[in-house]
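To keep things clear, I will list the structure first and then write my remarks on it.
Here, each number is a calculation from the coordinates, and none is a lab measurement. These numbers come from a predicted model, not from an experiment. Don't worry about glycine lacking a Cβ; one is built from the backbone with ideal geometry, like all the others, and counts go over all protein chains shown.
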Amino acid sequence: MISPETIKKRILIIGSNGMLGQRLVEYMSQSSNNELLCTSFEDESYVSNVEYRKLDITQKNNVREIILNFFPDFIVNTAAFTNVDKSETEKETAWKINVNGVENISLYSWTVDAHLIHFSTDYIFDGKNGPYTENDKPNPIGYYGRTKLASENSIKTSGTRFTVIRTNILYGPAKYGRPDFVRWAVDSLRDGKTIKIVTDQIGNPTYVDDLVAAISAIVEFKKKGIYNIGGPEFLSRFDFTQRIATFFNLDKNLIKPILTKELNQPAPRPLKSGLITLKAETELDFRPTGIEKTFEQIKRILHI
C-alpha cells in the first residue's frame with residue numbers, strides 16, 4: 001500500500017516570474033513532496049532549475065494544454081494585470097487578463113478537479129471605512145478593482161474548488177524583475193532623490209514571504225473560501241517609507257508628504273483601507289512578520 005507521504009502534490013504555479021511567483025517557487029521547490037510546473041508570460045523562467053512552460057492565460061487553448069497535460073492537484077494563479085492607472089486606459093487588456101484569463105484557468109481547474117488558489121486585492125473596496133474583513137461588501141471605485149472583483153465572482157460560479165486570498169501593498173525580496181516598493185525607496189533615497197509619498201492612503205503592507213507561508217498552509221490543510229492576508233500594522237504609505245528610511249539609515253528629509261489628489265493619477269485609490277487578518281490567524285495559524293524584521297530579511301537576501 002502506498003503511503004500518503006510518498007504521493008507528491010502536483011502544483012501548477014501561474015505567474016512564476018512575478019515577485020510572489022519567484023518566492024513561491026523557491027519555497028515550494030524545497031520540498032521533495034511537491035512536483036512543480038512553473039509558467040509565466042515570458043519566454044524563459046527567472047528561477048533556475050525548475051520545469052517551466054510559457055503561458056498566456058488569455059489564450060484558452062494554451063491554458064487547456066498546460067493544465068490537462070500536467071493534471072495538477074493545486075493551481076496557484078499569481079498572474080494579473082496590476083497597473084492600476086493603465087487599467088483605466090487599457091480596459092480591454094485589463095479585463096482580458098484579470099477576468100477572461102481567470103475564467104480560462106477556472107474552467108480547466110474544474111475539469112481536472114484541481115484546487116485553485118487565486119489572489120485578489122483591497123482595491124475591490126472603496127476605502128471609505130477600512131480596514132476590511134472577508135465579509136465586508138465590495139464596492140470598487142476604479143477599473144482595476146472592478147476586474148479583480150469580477151475575477152473573484154467568476155471563480156465562485158465556476159464550480160471549481162477554490163481559495164481567494166485578498167492582500168494589499170505587497171513587498172519583498174524579489175531578485176528579478178522590477179524592484180518592489182522597499183527596494184525602490186532605498187535606491188531613490190541612496191541616490192539623493194526626493195520622493196513624494198502620500199499621507200492619506202492607509203493599509204497594512206504585506207510581506208511576500210508571509211503570503212507564501214499562507215499559501216503553504218492552504219495547500220497543506222486544503223482550506224477553501226476567502227482569506228485576508230496582510231501585515232501586522234496599519235499605517236500610511238508615508239509612515240511606511242519613513243520606517244524604511246530609519247531602518248536603512250537614509251535621509252528622511254528627502255521624503256516629501258503629499259495628498260493622493262495632488263498626484264492627479266488616472267485611477268482613484270481607496271484611502272482608508274487595509275485588511276483584517278483574524279480569520280487567517282485563526283484558521284491558518286497565520287502570523288505576520290514585524291515590519292523591521294522583514295527589512296532585515298530583505299537586506300540579507302538582496303544585499304542592500
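Taking 22 Å as the straight-line reach from the Cα of Lys293, the lysines in range (excluding those fewer than 8 positions away in the same chain) are Lys175, Lys252. Between Asn61 and Lys128, the simple label model (points 7 Å from Cα in the Cβ direction) yields a spacing of 4.7 nm.
Note on the chain: with charges restricted to the Cβ of Lys and Arg (+1) and Asp and Glu (-1), its dipole about the Cα centre is near 380 debye. With respect to the chain, whose longest principal axis is taken over its alpha-carbon atoms, helix 208-221 is tilted by about 30°.
Between Thr277, Thr157, Thr93, the Gaussian network model of the chain with springs among Cα atoms under 10 angstrom shows the greatest mean-square fluctuation at Thr157.
In whole angstrom, note down how far apart the Cα centers of the stretch 283-304 and the stretch 71-128 are. So the separation of the two Cα centres works out to 26 Å. Helix 143-156 versus the longest principal axis of the chain: what angle, 0 to 90°, nearest 10, using Cα atoms? Value to nearest ten degrees: 30. When Cα Rg over 2.2 N^0.38 Å is computed from the coordinates, the matching label among [x] 0.99; [y] 0.93; [z] 1.33 is [x].
If R0 equals 35 Å, the separation of the Cβ atoms of Thr157 and Asn249 corresponds to a calculated FRET efficiency of about 0.10. Under the convention that each Lys and Arg Cβ holds +1 and each Asp and Glu Cβ holds -1, the size of the dipole of the stretch 62-197 around its Cα centre is about 300 debye. Counting only DSSP beta bridges with both residues in the chain, the antiparallel share comes to about 5 percent. Of all aspartates and glutamates in the structure, the ones whose alpha carbon falls short of 15 Å from that of Lys54, not counting any fewer than 8 places away in one chain, are Glu42, Asp43, Glu44, Glu65.
Within the stretch 257-291, find all residues whose amide N lies under 17 Å from a label point positioned 7 Å from the Cα of Ile301 along Cα-to-beta-carbon. Only 287-291 fall inside the zone, counting backbone N under 17 Å.
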